[in-house]
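Participant: Take this structure first; my questions come after.
What follows draws every value from the coordinates through simple rules; no lab data is involved. Bear in mind the structure is a predicted one, so any value in this text is a computation, not a measurement. Backbone-built Cβ (ideal geometry, glycine too); neighbour counts: all protein chains shown.
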Amino acid sequence: MTPGPPGRNAVLGVGAEGGRMTIVVLRELRKELSEDFGPGDAVDRIEAVHAAPADSDVSGDPDDRTFCGKPTLDMERVNYQPVGPGAPWLPPNMHAWECRDCAAALRSR
């Protein structure tokens with residue numbers, strides 16, 4: 001897991017059968033080469049933004065898999081803190097990359 005930028009962890013609580021469940025917001029990245037095929041490092045591009053249950057409320061680390069079943073090992077934590085209850089689980093500027101399966105899983109909780 002690549003650590004995200006410094007600051008508050010992207011962990012939030014969502015409703016879950018009579019209680020709260022802590023989730024971690026993660027970015028799935030893909031590497032893209034330069035369009036001119038010249039030398040240089042590959043650039044990270046966002047493939048999707050996922051949610052995963054936190055391993056524990058104490059550590060805030062993501063579980064091994066997202067709600068849609070993808071492994072979290074190579075995903076990057078998103079530095080996002082919702083403004084309050086009922087707020088979107090992902091940053092508004094990342095809505096275009098929302099994982100629909102993760103969103104559906106969170107709505108059903």
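Participant: Between ASP74 and MET21, how many nm apart are label points set 7 Å from Cα along the C-beta direction?
Facilitator: Distance between the two pseudo-spin positions: 2.6 nm.
Participant: Another question, if that's okay. What's the extension gain from VAL83 to ALA96 if we count 0.36 nm per residue and subtract their Cα-Cα distance?
Facilitator: Stretched out fully, the VAL83 to ALA96 stretch lengthens by 2.7 nm.
Participant: Arranged from highest to lowest average of other beta-carbon atoms within 10 Å per residue, in what order do the peptides 66-74, 91-99, 45-53 appear?
Facilitator: Listed from highest to lowest mean packing, they are 45-53, 66-74, 91-99.
Participant: Given labels modelled 7 Å from the Cα in the Cβ direction, how far is it in nm from SER108 to LEU33?
Facilitator: 4.0
Participant: Pull up all non-local amide H partners of ALA48: gap of 5 or more, or a different chain, and H-to-H distance under 5 Å with H placed in the peptide plane.
Facilitator: So ALA48 has HN proximity to GLU28.
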